[in-house]
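The values are calculated or read from the model by the stated rules, or taken from the named source; none is laboratory data. Please read these numbers as outputs of a predicted model, since none were measured by experiment. Positions of Cβ are backbone-derived with ideal geometry, glycine not excepted, and every protein chain shown enters the neighbour counts. The area values use the complete protein model at the heavy-atom level, side chains included, leaving out ligands, DNA and RNA. Shrake-Rupley method; radii C 1.70, N 1.55, O 1.52, S 1.80 Å.
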Amino acid sequence: QVQLVESGGGLVQTGASLRLSCAASGRTFSNSAMGWFRQAPGKEREFVGGISWSGVTYYKDSVRGRFTISRDNAKTTVYLQMNSLKPEDTAVYYCAARRSSGLVRTSPEYDYWGQGTQVTVSS
């Protein structure tokens with residue numbers, strides 16, 4: 001089992017930055033691919049970006065260049081640095097982990113999920 005706990009969400013203005021953290025515990029973290037997803041009210045959960053066990057990253061087009069995902073295997077934590085935030089980034093953000101090491105973009109392929117953290121960007 002893996003437990004994931006997100007933190008760092010909040011209410012910010014357009015153009016601001018936030019850094020989300022996802023602390024993992026329970027199994028070997030360094031071998032797991034990690035993903036960040038978000039879900040806005042009335043919308044489906046969508047893939048934001050992810051990082052493989054080796055540090056390869058991939059991002060949704062609308063956040064590429066603004067968001068950066070990193071991981072610290074020693075701290076078993078993955079981060080989502082969000083810059084130049086826009087109102088359309090408002091959502092609950094979820095961290096997810098796979099049992100496998102490969103990076104994928106679809107939520108059913110992730111095995112463990114955090115409880116989510118709210119990010120609200122005001123205009």
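Under the 0.36 nm per residue contour assumption, what length would be gained going from the current alpha-carbon distance of D61 and A23 to full extension? Could the numbers behind the result be given before it?
Working: separation 38, 0.36 × 38 = 13.68 nm, distance 2.56 nm.
Gain in length upon complete extension: 11.1 nm.
Dipole magnitude of the chain about its Cα centre, charges +1 at Lys/Arg Cβ and -1 at Asp/Glu Cβ only, in debye to the nearest 20?
Details: 14 positive and 9 negative charges, 34 e Å.
Using only the charged Cβ atoms, the result is roughly 160 debye.
Taking K86 as the anchor, which lysines have their alpha carbon closer than 27 Å to its alpha carbon, excluding any fewer than eight residues away along the same chain?
Candidates past the 8-residue exclusion: K43, K60.
Just grab the label-to-label distance for K86 and S123, each label 7 Å out from Cα along the Cβ direction, in nm (one decimal).
1.2
What residues qualify as long-range amide H neighbours of S100, i.e. H under 5 Å apart, gap of 5 or more or another chain, H built at 1.01 Å from N?
HN-HN under 5 Å from S100: A33.
What list of ³J(HN,Hα) values in whole Hz, one per residue of the stretch 63-70 in order, does the Karplus curve 6.51 cos²θ - 1.76 cosθ + 1.60 (θ = phi - 60°) give from phi, with Gly and Pro shown as x?
Working through the residues one at a time gives 10, 4, x, 10, 9, 9, 9, 9 Hz.
Grab every C-alpha pair in the chain, bin the distances at 5 angstrom width from 0 up to the longest one, and report whole percents.
Going from the shortest bin to the longest, the percentages are 2, 13, 24, 27, 19, 10, 4, 1, 0.
Using a 1.4 angstrom probe on the protein heavy atoms only, line up R71, R45, R99, R64 by accessible area, largest first.
Numbers: R71 40, R45 90, R99 135, R64 110 Å².
Highest to lowest solvent-accessible surface, that is R99, R64, R45, R71.
In whole angstrom, note down how far apart the Cα centers of the stretch 56-110 and the stretch 1-47 are.
Comparing the Cα centres of the stretch 56-110 and the stretch 1-47, I get a distance of 7 Å.
Which residues' amide hydrogens lie under 5 Å from the amide hydrogen of A16, considering only partners 5 or more residues apart or on another chain, with H built in the peptide plane?
For A16, the qualifying residues are L85.
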